[in-house]
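Beneath this line is the structure, given in structure tokens, with notes to follow.
Please treat every number below as a calculation from the coordinates, not as lab data. None of the values given here were measured: they were computed from a predicted structure. Counting neighbours? That spans all protein chains shown, and the Cβs are built from the backbone with ideal geometry, glycine included.
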Amino acid sequence: MDTNSEALVRRIRVAVLPWNPHITEKKMFGGSCFLYKGKMCVGETKGRLMVRVVPGKMNQTLNDPDVSPMDFTGKPMKEFIFVAEKGFDSEAKLQHWIELGIEHAQSKQIG
């Protein structure tokens, strides 16, 4: 893992602390992903931030110049985005994305 990726993973670990003990970390998508109650919410791959977004906020979120659809195969993955480094260059910006990802995971919880 390169230095940027390691630094981002450390920042995510701190940012998700308010949701402990419901957060687990798992190797996925070639990087580290964080799951809330077993549902992937945010992660890092190749220095990029991955975030799951509820469907109702996808269009608005994709209008952000620092956001692009998450695409590994030539077809964007549903409810997944990449955020460029400029989009999480402060702890407040990173926290915004973490909360968006947690919202997605909470929307998938049963009961």
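Figures for the structure shown
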quantity	calculated
Failed item in (1) under 13 Å from the mean Cα position of the chain (by Cα); (2) surrounded by 15 or more Cβ atoms within 10 Å (Cβ to Cβ); (3) not small (Gly, Ala, Ser), with Glu85 passing the rest	(2)
Condition check for Cys41: without any contact (Cβ under 8 Å) to a residue 40 or more places away in the chain and within 11 Å of the chain's Cα centre (by Cα)	no
Enumeration of residues in the range 57-93 that are part of a helix (DSSP H, G or I), more than 18 Å from Ile12 (Cα to Cα) and free of Cβ contacts under 8 Å to residues at least 24 places away in the same chain	Met58, Asn59, Gln60, Leu62
The range 1-27 - residue that is outside any helix (DSSP H, G or I) and touching a strand residue (DSSP E or B) at 6+ places or on another chain (Cβ under 6 Å) and, of those, nearest to Gln109 (Cα to Cα)	His22
Of all residues in the range 7-28 being free of Cβ contacts under 8 Å to residues at least 12 places away in the same chain and more than 15 Å from the chain's Cα centre (by Cα), the one that is surrounded by the fewest Cβ atoms within 10 Å (Cβ to Cβ)	Pro21
